[in-house]
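In what follows, a single structure is set out as structure tokens and then discussed.
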Amino acid sequence: VHHQIIISLSTESTTPDYVPLYFQASQHASPIQSGVYVLPFSFTVLFSALLTGITISKTKQYRHQLWLAWCLQLLTTGLFSTVDGRDGLSKALGFVAFLGAGSGILQAAPVFPILAPVQVEMSAQALSFFMFLRFLSQVG
């Protein structure tokens, strides 16, 4: 699980950066339009992270959600290779929504295995260090 957390730090910080560039390059969208086209990503990140936290709290298991997130990320990234400039916008926006769902799960699910071996008194430090590494990986 720990290697999945390290890899998720890089994928969730780089993938959303390239989606607006795709819309600007292949769909000839303006920067504002490409920002609007990324809204399905933002909404699905929010709801999938919320749903992930609820399901992990209820089932007391987090591995299934991590595997689902990785499958969504890999499947969607592969499906993006089928989209070209002649395709309609709806195909790309649907893939963006699935990409957001995988990213949302990867935002919420790693918190639980990080806190599992840590004493309760050290949980704030562990989470703050994890968030520091998450944000440090986005600098570039």
Handout entry: Residues of the range 80-96 with amide N under 14 Å of a point placed 7 Å along Cα→Cβ from Gln27
Key = 80, 83-96
Fill in the blank from the handout: Along the range 32-48, Karplus-curve 3J(HN,Hα) (6.51, -1.76, 1.60; θ = phi - 60°) to the nearest Hz, with x for Gly and Pro, reads 5, 4, 5, x, 5, 5, 8, 4, x, 4, 5, 5, 6, 4, 4, 6, 6
Completion exercise
The relative contact order of the range 48-117, taking Cα pairs under 8 Å that sit 6 or more residues apart, comes to a percentage of 53
Problem - Evaluated at q = 0.10, 0.20, 0.22 Å⁻¹: base-10 log I(q)/I(0), Debye formula over Cα of the chain - result: -0.37, -1.19, -1.36
Handout entry: Euclidean distance of C-alpha centroids, the range 15-92 and the range 104-136, integer Å
Key = 23
Completion exercise
For the chain the mean separation of alpha carbon contacts under 8 Å (6+ apart) over residue count, i.e. relative contact order in percent, is 35
Practice task
Principal axes first, then extents: for the Cα atoms of the range 49-99, list largest minus smallest coordinate on each axis, whole Å, largest first.
Solution key: 45, 17, 8
Problem - For the chain, with +1 on Lys and Arg beta carbons and -1 on Asp and Glu, the positive-most of Ala126, Ile32, Ile56 along the dipole - result: Ile56
Completion exercise
Computed for the range 32-140: size of charge dipole around the Cα centre, +1 on C-beta of each Lys and Arg, -1 on C-beta of each Asp and Glu, debye to nearest 20, value 180
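Every number here is computed from the coordinates shown, using simple stated rules; none is lab data. Owing to the predicted nature of the structure, the values given are computational and were not obtained by experimental measurement. Cβ atoms come from the backbone with ideal geometry, glycine included; neighbour counts cover every protein chain shown.
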